[in-house]
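Notes follow the structure.
The values are calculated or read from the model by the stated rules, or taken from the named source; none is laboratory data. Computed from a predicted structure; not experimentally measured. Cβ placement follows ideal geometry from the backbone for every residue including glycine, while neighbour counts extend to all protein chains displayed.
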Amino acid sequence: MKISIICVGKIKEKFYREAIAEYAKRLSRYCRLEIREVEDEKTPDRPSDVCKEQILRKEGERMERHLKADSYLIALAIEGKKMDSEQFASRIGELGVRGISHIQFLIGGSLGLHPSLLQKADEKLSFSDMTFPHQLMRVILLEQIYRGCRINSGEPYHK
């Protein structure tokens, strides 16, 4: 299976980059992983609604260039469905059984994802009602994908 993460912004902090690299290395046993970063827009401290829409639209257009028609698209969104790790693992496995060979995950920038991307998504996924920095969310997503692969392979993983 191929898993792509399409996300806004570059990771500047070394500790995030190291964590992402570690999970990418671990995942190489289970899937082909691709991380596509698109440029983020500068966001003022108190953006107007019009400004927010423009930022989301520009970032969304950049993300959309990486979408593949034959992939299953999962958008990370606070209003998405919540799952525990076993349910997430089961979902990934279920998609594979259905013949889905490419899953693409979308992680928006500081303002989230443009509504057009949320509408295109086959599914919306939420990790919490809390808001996380999008850089940290990348690490959390990779860890959960890795955990799901281990669960699906019948390998032990700490609960």
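All conditions but one from (1) surrounded by fewer than 19 Cβ atoms within 10 Å (Cβ to Cβ); (2) at negative phi apply to residue 154; the one that does not is (2). Among the residues making up the stretch 79-113, those that are under 17 Å from residue 156 (Cα atoms) and part of a helix (DSSP H, G or I) are 85, 86, 87, 88, 89, 90, 93. Considering the stretch 4-16, and only residues there that are in a strand (DSSP E or B) and in contact with a His (Cβ under 8 Å, 6 or more places away or on another chain), the residue that is surrounded by the fewest Cβ atoms within 10 Å (Cβ to Cβ) turns out to be 4. In the stretch 42-63 there is no residue matching the filter, namely being part of a strand (DSSP E or B), out of contact with any Pro (no Cβ under 7 Å at 6 or more places or on another chain) and either at pLDDT 95 or above or surrounded by 19 or more Cβ atoms within 10 Å (Cβ to Cβ) (or both). In summary, residue 25 fulfils each of the numbered conditions (1) basic (Lys, Arg); (2) under 16 Å from residue 138 (Cα atoms); (3) without any contact (Cβ under 8 Å) to a residue 24 or more places away in the chain; (4) surrounded by 14 or more Cβ atoms within 10 Å (Cβ to Cβ) with the single exception of condition (4). Candidates 50, 38: the one that is of a type in the set (A, V, I, L, M, F, W, C) and under 17 Å from the mean Cα position of the chain (by Cα) is 38. Residue 120 falls short on exactly one of the conditions (1) touching a residue at least 24 places away in the same chain (Cβ under 8 Å); (2) farther than 15 Å from residue 108 by Cβ, and that condition is (2). Taken over the stretch 131-158, residues that are part of a loop (DSSP other than H, G, I, E, B) and within 19 Å of residue 8 (Cα to Cα) amount to 3. If the condition is being at pLDDT below 95, surrounded by fewer than 17 Cβ atoms within 10 Å (Cβ to Cβ) and in contact with a strand residue (DSSP E or B) (Cβ under 7 Å, 6 or more places away or on another chain), then the stretch 88-126 contributes no residue at all. The residue that is farthest from residue 77 (Cα to Cα), among those in the stretch 122-159 that are touching a Leu at 6+ places or on another chain (Cβ under 8 Å) and of a type in the set (Asp, Glu), is 122.
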